[in-house]
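This structure is in C-alpha cells; I'll ask about it shortly.
None of the figures in this text is laboratory data; all of them are computed from the coordinates on show. All values derive from a computational prediction rather than experimental measurement. Don't worry about glycine lacking a Cβ; one is built from the backbone with ideal geometry, like all the others, and counts go over all protein chains shown.
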Amino acid sequence: MKFQTISKPGKSKFTEKGSKFLGFAFPVGDKESIDTLLRDIRKTYYDATHHCYAWQLGYGKNMTFRYNDDGEPSGTAGKPIYNAITRLGLTDILVVSVRYFGGTKLGTGGLIRAYGTSASDTLNIAKIKTMEIGDKIRFVCSYEHHPIIMRTLNQYHIILLDQDFGEHVTVIVEIDEQDTQCVLNDVKNATNGIVNGYLTQRHKVTQRLKE
C-alpha cells in the first residue's frame, strides 16, 4: 500500500487585506507529536489572532483526521486547510495557519479562500514523498529451490530484496502487505510444501521520493 506525506516541514506567508497568514506544515507520526507542535506554535505566535489547523494520520481503514477553526466562523478555516491536505492525498501531516488580523473583515468566502491559499502555498513549498507499506518475509531454502522461489516472487511487486548465499539460501523480501498471504501460499505450493516463509516485520515503511 502506498500513501503520500511530506519529507520535511514547510513554511509560507501571505497577506490579504491587511491580515497576515503564516502557514506551517509538519510531517507527523502520532497525536502526541501533533499536540507538541501545536503548543509550540501557540507559544511562539502567542500574539496572533487565530491558530487554525488540520491534521491527518494513518492510511486505509486506520486513517484519522481533525480540523479546528480556533474561533473563526465554523467551516471557514480548519476545513479549507483540511481540503488542501486531501486534495494532494497526504497523510501523517499537520498544517497550521496562523492569522494576524489586519483590521478588515474578509467575510465567509474570503476566509475560506485565505486559509485555503495559506495551506496550499505551504504544501507547495513542502517536498512530497511517497511511502510504501510492506511486510518483510524470510525464506530459507536449498539452492535447488532458490530459482523456484525467485520465479514465484517475481510475479509480485517487490519493494526490497536481500539474499544471503551460505550453506542454505536466505531470501528476505519486502512486498505489499496485501500480497503477503498469497506469496506465502504460492511459495509453499511451488516447493510442494518444503519451503515455508514467515514474517519478520509487519508494516515496514520504505521511503520513495516522488519525482
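I want to verify a result. In a Gaussian network model of the chain, Cα cutoff 10 Å, which of these has the top mean-square fluctuation: Phe139, Phe165, Phe26?
The residue that fluctuates most here is Phe165.
Give the order of Ser118, Ser19 when sorted by the count of other beta carbons within 10 angstrom, beginning with the fewest.
Ser19, Ser118
Let me ask something else. Residue separation times 0.36 nm, minus the C-alpha to C-alpha distance between Lys43 and Tyr198: what's the value?
51.0 nm
Hey, what's the per residue convex hull volume over the C-alpha atoms of the chain, in cubic angstrom?
128 Å³
For each of Leu161, Leu22, count neighbouring Cβ atoms within 10 Å of the residue's Cβ, then give the residues from fewest to most.
Leu161, Leu22
Another one. Sticking to Cα atoms, compute the Rg of the stretch 2-126 to one decimal and its Dmax as the biggest Cα-Cα distance, whole number, in Å.
Every Cα atom of the stretch 2-126 included, Rg and Dmax give 13.5, 45 Å.
To continue, here is another question. Rank these for me by crowding, Met131, Met1, going from fewest to most other beta carbons within 10 Å.
Final ranking by Cβ density, sparse to dense: Met1, Met131.
Where does the longest stretch of the chain lie that holds no trypsin sites (Lys or Arg not before Pro) found in a DSSP loop with 16 or fewer other Cβ atoms within 10 Å?
18-104
In terms of Cα to Cα distance under 29 Å, which lysines are near enough to Lys61, apart from those fewer than 8 places away along the same chain?
Candidates past the 8-residue exclusion: Lys2, Lys8, Lys31, Lys79, Lys127, Lys129, Lys136, Lys204, Lys210.
Return the calculated 222 nm mean residue ellipticity for the chain, to the nearest 500 deg cm²/dmol, obtained by summing -39500 (n - 2.57) across DSSP H runs with n ≥ 4 and dividing by the residue count.
Per the formula, -9000 deg cm²/dmol.
Could you tell me the distance between the Cα centroids of the stretch 166-196 and the stretch 110-147, to the nearest Å?
Spelled out, the Cα-based centre of one part sits 25 Å from the other.
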